[in-house]
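Colleague: Before I ask anything, let me first share the structure, which is written out below as structure tokens.
The values are calculated or read from the model by the stated rules, or taken from the named source; none is laboratory data. Here the structure is a predicted model, which is why all the values come from computation and not from measurement. Here Cβ is always computed from backbone atoms with ideal geometry, including for glycine, and neighbour counts include all displayed protein chains.
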Amino acid sequence: MGLWPLNTVGSCMEYIDNGSCVPAPGPSGGYNKSLLTCPKHYRQSTNSMANFFYEPGNDRLIAHILLNTTYWPGWDVQRYEFNAADGAWSNREEVLARDAWIGVWGSAYTKAATLGSFSKIYACRNNETKIREISWESAEPIASGWWVDPYTWNPKSIYGYAVVNRIDNLLAAAANWTLDCWRNIGTTPERFAQLRLPNVLSYLTYESRNYCWVITQDGVILKADYQIPRWEMISTVQNPEADALKYFITYDTKRKRVVVFRQRPDAEDGACQHQLEFYYPMVKPFQLTQPVPVTSLKAGNRIVLAAHLIGDAGEGLTPYTVAGEMTAPVEGRLTTPFSGTELNGRVCFQYQAPEEACTETLGLKVTVEES
Amino acid sequence: MNEKVFESTKLAQPVTTGDSWQYLCYVSTWDAFLAQSTFEWSRVFRDGTTVKFGKPSGSYVMLGREKGFPAYWSPSTLKVYPAFEINGLPNPNEVLNPNWDISASLAPSSLAGKFIDDINQVYLHQPSANQIDIYSLEDGQKVGEIVHNAGEYFSSLAWVQLGQVAGMCRTSGKVMVIDYLSSPRVLATGRIDPFKVAAYDNAFHLFFAIGTDHKTRVYCGDLWPNGLSAPVFEPATVYGLKRNLVRVRLTGQDGEPLPGWWVNWELEGVGGGILGSLDKYGNFTDADGYASNLYIGPDDGSAGQCKIKARVVLP
């Protein structure tokens, strides 16, 4: 299993347009619009993103973003809300009017918030070792809300990312390279298992009482069962870019799909280029590897050739049918004209070689239907 | 030399400049290979397709495990851990050697591969370039040894089938299939091109190597012919009107017999017509590398010279 990209919302949000050129050059105080087109200027740019999560109550994707601004006091924190169905920016007018302001403390002191048990939002903290229930609106801790402090547990731990399952008394949390799985967090917490991550963690999100999702800094996405624990699948974002600044992941529990927020550098003119990507847990075929003979190539032999149909992360794909076709002139015989992919994406073809030396070419073809 | 059935045009190399592969292991559930370098974990397919999916951490050292999976030795715990089937990453929640700590002197490295069989509770260690020691996982006692005289450490020890491992030498390209369970000994030897990392593909019984030129190469277990002897009559005197036994022998680079190869026989006149006839015009070499034929001398009493030509067609 892997991930099928459903749709991408490029430039999912905007910065406030300055409305005029800055600085105003020339003695007259402005560009002559008859002579040139005034370049765009924006009053904001992304400094960092604290939280990205699915909020089931409003069925929205929420991003808390700290901005650098040209207006006083030089920074701003806004809550961006996107429609979870299509990624449309729901509170555009509000944000552009700077009315979705949430205060700096929520975004400065919480990080990596994600959905957890009872449809509430939980986050790790930058100014304390506790993991708390927070408000989806302001990212501030809920007054007298739920919390745990892993620093008081054995071994003492400080986490930057956490998935909270209060129903089963479980916590899966990571600081950097390992996902620690804790049980009995309400009574005597015990770290019962660990999972090593394939790369530096970028974001962690909750799916259910069993599963969580991980995205690494290079865009590799993994699903884990944190109760066993065990890795369930590995895949990757579509078209990972070297210049993507950071990946954030969340799971839309209503539509059962993965949403990735790709933080990208601003365009040359300062326009915001962040994008939202929606994935369904099913792999999109990425490539067919070349058929490679895996038996001796003697004249007169029945020769087996193996190839793989794989996704972006090299994960095998099934069920697909791969057709083989020999390029003329054909001297032997392809005894398997088509073959179905196995669980690891492998297809095998058999070729009956003639009793004399020859050169043959086998081409493979698979048809993928996009719905 | 083993028969090379494939050489890639694609280059399987780490993305990071200056990085190079250190370990390679076949992963049965992927039907592909897990390659580890200093900065990368990648999945490599036989045709050279390489997909990077991570970066190693935690100082784990890869070694071979039964059924065609990697396992990992940790220098901090001295334990060996299995790998997850999905992504080949070490699973620190399960220990394969709970009763015995494998010390650093017995630990695997990229120069000398090690092997763990936790079903039969056996650990294979290379004390020298010519020998493999067998340790019991139950108590850490040495229970046997195999002298193979390869003259070089096997950089990889990989699972072949129940009770058998394949050893592969990086510089000389020597490969061996070794029984470590029922009666420890070398079962077969062969040779592949020198490589950077290599693994044994236990699904199709192939040697798979990534060369220093980053090309992938696939070798099957069959050895490649190096020489075909001239036809020899037994007994040496040839009679007319009689069936005379004639044999050729097909051998590999190190003189080993090559069974199952197709030999074509032909009669050729020497300054005259063809004398007599052959019983067969094509047959296979036997287990000892010999192909036999019968030459029936002329029945009209004619005398003269005639040549017997035997050929093996190489793909």
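Colleague: If I go through the stretch A:276-288 residue by residue, how many of them are in contact (Cβ under 8 Å) with a residue 24 or more places away in the chain and over 11 Å from the mean Cα position of the chain (by Cα)? Lay out the reasoning, then the answer.
Modeller: From the stretch A:276-288, those in contact (Cβ under 8 Å) with a residue 24 or more places away in the chain are A:276-286, A:288; that's our starting set.
Checking the rest, the ones that are also over 11 Å from the mean Cα position of the chain (by Cα) come to A:280-286, A:288.
Total satisfying the criteria: 8.
Colleague: Among the residues of the stretch B:175-195, write down those that are more than 8 Å from the chain's Cα centre (by Cα) and either farther than 14 Å from residue B:149 by Cα or not aliphatic (A, V, I, L, M) (or both).
Modeller: Result: B:179, B:180, B:181, B:182, B:183, B:184, B:185, B:193, B:194, B:195.
Colleague: Going through B:63, B:96 one at a time, which residue ends up being in contact (Cβ under 8 Å) with a residue 60 or more places away in the chain, among the aliphatic types (A, V, I, L, M) and away from every other protein chain (no Cβ under 12 Å)?
Modeller: On the way: B:96 fails: in contact (Cβ under 8 Å) with a residue 60 or more places away in the chain.
Of the residues listed, the single one that is in contact (Cβ under 8 Å) with a residue 60 or more places away in the chain, among the aliphatic types (A, V, I, L, M) and away from every other protein chain (no Cβ under 12 Å) is B:63.
Colleague: Quick check on the stretch B:235-274: of everything there that is among the small types (Gly, Ala, Ser) and not in a strand (DSSP E or B), which residue is nearest to residue B:223 (Cα to Cα)? Give the steps one after another, and end with the answer.
Modeller: Just the residues of the stretch B:235-274 that are among the small types (Gly, Ala, Ser), to begin with: B:236, B:240, B:252, B:255, B:260, B:269, B:271-273.
Those left that are additionally not in a strand (DSSP E or B): B:236, B:240, B:252, B:255, B:260, B:271-273.
On the way: B:236: 30, B:240: 38, B:252: 6, B:255: 11, B:260: 11, B:271: 38, B:272: 39, B:273: 38 Å.
Across the stretch B:235-274, the extreme among qualifying residues is B:252.
Colleague: List the number of the failed condition for residue B:90; all other conditions in (1) surrounded by fewer than 18 Cβ atoms within 10 Å (Cβ to Cβ); (2) without any contact (Cβ under 8 Å) to a residue 40 or more places away in the chain; (3) closer than 22 Å to residue B:43 by Cβ hold.
Modeller: Residue B:90 satisfies every listed condition except (1).
Colleague: Something else about it: So which strands (runs of 3 or more DSSP E) stay within the stretch A:66-152 end to end and still have 1 or more residues that are in contact (Cβ under 8 Å) with a residue 60 or more places away in the chain, farther than 24 Å from residue A:174 by Cα and of a type outside the set (Val, Ile, Thr)?
Modeller: Details: elements: A:75-83, A:110-115, A:121-125, A:131-134.
Per the criteria, A:75-83.
Colleague: Could I ask something else about it? Being within 22 Å of residue A:254 (Cβ to Cβ) and surrounded by fewer than 19 Cβ atoms within 10 Å (Cβ to Cβ) is the filter; apply it to the stretch A:267-293 and report the residue that is farthest from the other protein chains (Cβ to nearest Cβ). Give the steps one after another, and end with the answer.
Modeller: First, pick out the residues of the stretch A:267-293 that are within 22 Å of residue A:254 (Cβ to Cβ): A:275-282.
If we keep only those that are surrounded by fewer than 19 Cβ atoms within 10 Å (Cβ to Cβ) too, we end up with A:275, A:280, A:282.
Numbers: A:275: 22, A:280: 19, A:282: 16 Å.
Among them, the one singled out is A:275.
Colleague: Among the numbered criteria (1) over 21 Å from the mean Cα position of the chain (by Cα); (2) free of Cβ contacts under 8 Å to residues at least 60 places away in the same chain; (3) more than 9 Å from chain B (Cβ to nearest Cβ), which one does residue A:296 miss?
Modeller: (3)
Colleague: Filter the stretch B:275-315 down to the residues that are aromatic (Phe, Trp, Tyr) and in a strand (DSSP E or B) and list them by number. Give the steps one after another, and end with the answer.
Modeller: As a first pass, look at the stretch B:275-315 and keep what is aromatic (Phe, Trp, Tyr): B:281, B:284, B:290, B:295.
Passing the criteria: B:284, B:290, B:295.
Colleague: For the stretch A:153-184, give me each residue that is assigned to a loop (DSSP other than H, G, I, E, B), more than 21 Å from residue B:57 (Cβ to Cβ) and either in contact with an Asp or Glu (Cβ under 7 Å, 6 or more places away or on another chain) or within 14 Å of chain B (Cβ to nearest Cβ) (or both).
Modeller: A:184
Colleague: Okay, moving on. For residue A:214, are the conditions met, namely being in the same structural domain as residue A:118 (by TED's automatic domain parsing), surrounded by 20 or more Cβ atoms within 10 Å (Cβ to Cβ) and either free of Cβ contacts under 8 Å to residues at least 60 places away in the same chain or among the β-branched types (Val, Ile, Thr) (or both)?
Modeller: On the way: in the same structural domain as residue A:118 (by TED's automatic domain parsing): yes; surrounded by 20 or more Cβ atoms within 10 Å (Cβ to Cβ): yes; either free of Cβ contacts under 8 Å to residues at least 60 places away in the same chain or among the β-branched types (Val, Ile, Thr) (or both): yes.
Spelling it out, residue A:214 is indeed in the same structural domain as residue A:118 (by TED's automatic domain parsing), surrounded by 20 or more Cβ atoms within 10 Å (Cβ to Cβ) and either free of Cβ contacts under 8 Å to residues at least 60 places away in the same chain or among the β-branched types (Val, Ile, Thr) (or both).
Colleague: So if I check each of B:203, B:199, B:188, which one is among the hydrophobic types (A, V, I, L, M, F, W, C), in contact (Cβ under 8 Å) with a residue 60 or more places away in the chain and in a strand (DSSP E or B)? So that I can check it myself, show each step before the final result.
Modeller: Values: B:203 fails: in a strand (DSSP E or B); B:188 fails: in contact (Cβ under 8 Å) with a residue 60 or more places away in the chain.
Within the list B:203, B:199, B:188, the selection yields B:199.
Colleague: Shifting gears a bit: Please pick out the residue among A:232, A:190, A:207 that is among the charged types (D, E, K, R) and more than 14 Å from chain B (Cβ to nearest Cβ).
Modeller: On the way: A:232 fails: more than 14 Å from chain B (Cβ to nearest Cβ); A:190 fails: more than 14 Å from chain B (Cβ to nearest Cβ).
From the options A:232, A:190, A:207, the qualifying one is A:207.
Colleague: Quick check: is even one residue across the stretch A:331-342 within 12 Å of chain B (Cβ to nearest Cβ), among the β-branched types (Val, Ile, Thr) and either in contact (Cβ under 8 Å) with a residue 12 or more places away in the chain or over 17 Å from residue A:368 (Cα atoms) (or both)?
Modeller: Within the stretch A:331-342, the first condition is being within 12 Å of chain B (Cβ to nearest Cβ), and the residues that meet it are A:332, A:341-342.
Applying the additional criterion that residues be among the β-branched types (Val, Ile, Thr) yields A:341.
With either in contact (Cβ under 8 Å) with a residue 12 or more places away in the chain or over 17 Å from residue A:368 (Cα atoms) (or both) added as a condition, the list becomes A:341.
Among the residues of the stretch A:331-342, at least one is within 12 Å of chain B (Cβ to nearest Cβ), among the β-branched types (Val, Ile, Thr) and either in contact (Cβ under 8 Å) with a residue 12 or more places away in the chain or over 17 Å from residue A:368 (Cα atoms) (or both), which makes the answer yes.
Colleague: Identify, from the list B:48, B:68, the residue that is at the interface with chain A (Cβ under 10 Å from one of its Cβ atoms) and at positive phi. Can you show your working first?
Modeller: Details: B:68 fails: at the interface with chain A (Cβ under 10 Å from one of its Cβ atoms).
On inspection, the qualifying residue turns out to be B:48.
Colleague: Test of understanding: among B:156, B:183, which residue is more than 14 Å from every other protein chain (Cβ to nearest Cβ) and crowded, with 20+ Cβ neighbours inside 10 Å?
Modeller: On the way: B:183 fails: crowded, with 20+ Cβ neighbours inside 10 Å.
Selected residue: B:156, the only one of B:156, B:183 that is more than 14 Å from every other protein chain (Cβ to nearest Cβ) and crowded, with 20+ Cβ neighbours inside 10 Å.
Colleague: Do the conditions hold for residue B:33, that is, is it crowded, with 23+ Cβ neighbours inside 10 Å, more than 10 Å from chain A (Cβ to nearest Cβ) and either under 19 Å from the mean Cα position of the chain (by Cα) or under 30 Å from residue B:255 (Cβ atoms) (or both)? So that I can check it myself, show each step before the final result.
Modeller: Numbers: crowded, with 23+ Cβ neighbours inside 10 Å: yes; more than 10 Å from chain A (Cβ to nearest Cβ): yes; either under 19 Å from the mean Cα position of the chain (by Cα) or under 30 Å from residue B:255 (Cβ atoms) (or both): yes.
Yes: the conditions hold for residue B:33.
Colleague: If you go through the stretch A:191-211, how many residues are in contact with a Lys or Arg (Cβ under 8 Å, 6 or more places away or on another chain), over 19 Å from residue A:246 (Cα atoms) and free of Cβ contacts under 8 Å to residues at least 24 places away in the same chain?
Modeller: Count: 2.
Colleague: Follow-up question, since we're still on this one. If I ask for residues that are without any contact (Cβ under 8 Å) to a residue 24 or more places away in the chain and part of a strand (DSSP E or B), which ones from the stretch B:213-234 would you list?
Modeller: B:232, B:234
Colleague: Now for a separate question. Going by what's in this entry, would residue B:222 be described as among the charged types (D, E, K, R), farther than 28 Å from residue B:142 by Cβ, within 12 Å of the chain's Cα centre (by Cα) and surrounded by fewer than 23 Cβ atoms within 10 Å (Cβ to Cβ)? Explain how you work it out, then say what you get.
Modeller: Numbers: among the charged types (D, E, K, R): yes; farther than 28 Å from residue B:142 by Cβ: yes; within 12 Å of the chain's Cα centre (by Cα): yes; surrounded by fewer than 23 Cβ atoms within 10 Å (Cβ to Cβ): yes.
Spelling it out, residue B:222 is indeed among the charged types (D, E, K, R), farther than 28 Å from residue B:142 by Cβ, within 12 Å of the chain's Cα centre (by Cα) and surrounded by fewer than 23 Cβ atoms within 10 Å (Cβ to Cβ).
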